[in-house]
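Undergrad: Please read through the structure below; I'll follow up with questions.
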Amino acid sequence: MDTNKTNRRDFFRKAAQLTFLSAMIGGSAYLLADNRVQLEGCADNQFCRKCQKLTSCSLDQAKKFRKNER
């Protein structure tokens with residue numbers, strides 16, 4: 001009977017792990033597919049305001065932000 005409890009515990013642990021992994025992958029795919037997050041650089045100029053690397057940043061978004069702020 002002890003092995004039955006172990007098998008059940010392992011099953012639920014694996015199911016929880018796979019559920020968590022699926023949610024992470026699905027959430028990431030949703031954010032990338034919907035253009036909410038870009039893989040390179042910042043997604044919007046709103047991040048440039050508080051960025052510590054704004055003066056040395058070479059991304060187009062930062063260049064536009066610096067140009068508009070002057």
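The values are calculated or read from the model by the stated rules, or taken from the named source; none is laboratory data. This is a predicted model, so every value here is computed, not measured. Glycine also receives a Cβ, built like all others from the backbone with ideal geometry; neighbour counts cover every protein chain displayed.
Undergrad: Considering each residue of the stretch 16-59, count those that are part of a helix (DSSP H, G or I) and at pLDDT 80 or above, and give that number.
TA: Total meeting the criteria: 15.
Undergrad: Shifting gears a bit: Is there any pair linking a residue in the stretch 14-31 that is surrounded by 10 or more Cβ atoms within 10 Å (Cβ to Cβ) to one that is of a type in the set (Lys, Arg), with Cβ under 6 Å and at least six apart or on different chains, and which?
TA: Pairs that qualify, where the first residue is surrounded by 10 or more Cβ atoms within 10 Å (Cβ to Cβ) and the partner is of a type in the set (Lys, Arg): there are none.
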